[in-house]
Amino acid sequence: MKAPGTGTGKIYLPREHGATAMLFTPMACVAILARTWHWVELATAVAAFAAMSVKDPVVLLLRERFVWKRAHADGPAARKWATIWSVLLVASGIVLLMTWPLVAVVAMAGSLGAFSGLAVWVNVKNKQRSTLFQILSAAALTSSSLAMSLSAKGAIADWCWWLWGLLGAQAATGILVVHARLDAKIALKGKVADDGKFRRAAMVAIAVLVCGAFYMLFSAHRPWLAVALMFAALVYSNDLRAQLNPENLEMPLMRVGRRALAMSSLYAVLLIVGLWG
């Protein structure tokens, strides 16, 4: 929360690679599943990227004003990039206003505004590690699939609701598994005892994925979606099991993140196969 003392010509781009993947993976899935192309999809992608990118400079400016209460060395760069991303967001928003149904524009704009306000407030208060906020973020970020469907097809396709729910469920489970790893890692160093709450929550989430797999297989008759859900459940179960090994907990978090990205990418491919029919 302290203001650094040196200035930089900083470029404000999204720093959270996992969140960026959560935002654009659903959009890529829809672009494939829609089986068509419309130029408005590009405006949707620009709007999504601008909305994500503008957060960091705005957070810095608000911290400068209300937390540090003095000029920050990165303030000028933050103002410049906040302006750039805001202009891109407004411009792409105007394109969507001209092409989307008005009800969809109002709903999406209201949802984006509410979540963006929450995200900025959480970051200003330095509470971005809140598990509840991260799960809400997963739901919000994966809803980019709905926006892309509106741009590609002029409406939210029935299969897009399934895509959003399945991607959100996988992302939420992954968040809980990562928190379980972090708690176990901290406990390994003897700083704080691991109460196991995230491990138990992750197990419940994995059980939900398994139940979803059985539903997809026997009720919805979507075997590939069942394969996708079971694949995610097995990967996360194996991760929880591996966390019992102290050597596994020493794995660098960057490597953990790369593995998670590879897993979520394969999961998305399986969803595309399952929803293609």
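The values are calculated or read from the model by the stated rules, or taken from the named source; none is laboratory data. These numbers were taken from a predicted model, which means no experiment stands behind them. Positions of Cβ are generated from backbone atoms using ideal geometry, with glycine treated the same way; all protein chains shown enter the neighbour counts. These area figures cover heavy atoms from the full protein model, side chains too; ligands, DNA and RNA do not enter into them. Shrake-Rupley method; radii C 1.70, N 1.55, O 1.52, S 1.80 Å.
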*Relative contact order of segment 131-277, defined on C-alpha pairs under 8 angstrom at six or more residues apart (%)*: 22
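Quick check: from the Cα gyration tensor, does segment 181-231 come out rounded (a/c under 1.5), prolate or oblate?
Working: a/c = 8.47, a/b = 3.65, b/c = 2.32.
Cα axes put segment 181-231 in the prolate bin.
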*Read phi for every residue in segment 61-74 and hand back ³J(HN,Hα) as whole Hz from Karplus 6.51 cos²θ - 1.76 cosθ + 1.60, θ = phi - 60°, with x for Gly and Pro.*
5, 6, 5, 4, 7, 10, 9, 6, 6, 7, 4, 9, 4, 8
*Read phi for every residue in segment 34-42 and hand back ³J(HN,Hα) as whole Hz from Karplus 6.51 cos²θ - 1.76 cosθ + 1.60, θ = phi - 60°, with x for Gly and Pro.*
5, 6, 7, 9, 9, 4, 5, 4, 5
*For segment 4-62, what are the per-bin percents of Cα-Cα distances with bins 5 Å wide, up to the bin holding the maximum?*
4, 15, 22, 20, 14, 11, 7, 4, 2, 1, 0
*Any idea how far the Cα center of segment 99-114 sits from the one of segment 238-277, in Å?*
33
*Expressed as a whole number of Å, what is the distance separating the alpha-carbon centroids of segment 164-215 and segment 28-68?*
27
*Find the accessible area per residue for segment 113-256; the probe is 1.4 Å, ligands and nucleic acids are left out, and the unit is Å².*
52
*Take the Cβ-Cβ distance between Thr36 and Val204 as r, set R0 to 35 Å, and report the resulting FRET efficiency rounded to the nearest 0.05.*
0.35
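Can you list which of the trypsin sites (Lys or Arg not before Pro) found in segment 157-211 are DSSP loop residues with at most 10 other C-beta atoms within 10 Å? Please report the intermediate quantities before stating the final value.
Details: sites: Arg181, Lys185, Lys189, Lys191, Lys197, Arg199, Arg200; in loops: Lys189, Lys191.
Those that pass, being in a loop and sparsely packed, are Lys189, Lys191.
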*Heavy atoms of Val67 accessible to a 1.4 Å probe, total area in Å² rounded to 10*: 60
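Once the Cα gyration tensor of the chain is diagonalised, what are the square roots of 5 times its eigenvalues, in whole Å and ordered largest first, as equivalent ellipsoid semi-axes? Please report the intermediate quantities before stating the final value.
On the way: eigenvalues 198, 172, 38 Å².
The answer is 31, 29, 14 Å, longest axis first.
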_Tell me which chymotrypsin sites (Phe, Trp or Tyr not before Pro) from segment 72-150 have a DSSP coil assignment and no more than 12 other beta carbons within 10 Å of their own._
none
*For segment 12-117, state the average projected area of the convex hull of the C-alpha atoms over all orientations, rounded to one decimal in nm².*
7.4
*Which entries of Lys55/Lys125; Lys125/Lys185; Lys69/Lys125; Lys55/Lys127 show an alpha-carbon separation above 21 angstrom in the structure shown?*
Lys125/Lys185
*Net charge, Val256 excluded, C-beta distance under 12 Å - Lys, Arg +1, Asp, Glu -1*: +3
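Carbon and sulfur atoms: what percent of the 1.4 Å accessible area of segment 133-277 do they account for?
Numbers: 5000 of 7280 Å².
Carbon and sulfur together cover 69 percent of it.
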*Given a Förster radius of 45 Å and the C-beta distance between Ile186 and Val46 as r, what FRET efficiency does 1/(1 + (r/R0)^6) yield to the nearest 0.05?*
0.70
*For segment 175-183, Karplus couplings with θ = phi - 60° (6.51, -1.76, 1.60), whole Hz, Gly/Pro x*: 4, 5, 5, 5, 5, 4, 5, 4, 5
*asked:* Is there a quick way to get the dipole size of segment 14-93? I mean about its Cα centre, with the Cβ of Lys and Arg at +1 and of Asp and Glu at -1; what is the value in debye to the nearest 20?
replied: 320
*Total formal charge among the other residues, if their Cβ is under 13 angstrom from that of Ala242, Lys/Arg +1 and Asp/Glu -1*: +3
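Around Thr99, under 14 Å between beta carbons, what's the net of Lys plus Arg minus Asp minus Glu among the other residues?
Working: positive: Lys153; negative: Glu41.
With Lys, Arg at +1 and Asp, Glu at -1, the neighbours total 0.
Could you work out the relative contact order of the chain? I mean the mean sequence separation of Cα pairs under 8 Å and 6+ apart, divided by the number of residues, in percent. Walk me through the intermediate numbers first.
Values: 308 pairs, mean separation 59.0, N = 277.
It comes to 21 percent, rounded to a whole number.
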*From the C-alpha gyration tensor of segment 119-158, pull out the three semi-axes of the equivalent ellipsoid (sqrt of 5λ each), sorted largest to smallest, in whole Å.*
29, 10, 5
*Return the distance in nm (one decimal) between the two label points of a simple spin-label model at Arg129 and Lys69, each offset 7 Å from Cα along Cα→Cβ.*
2.6
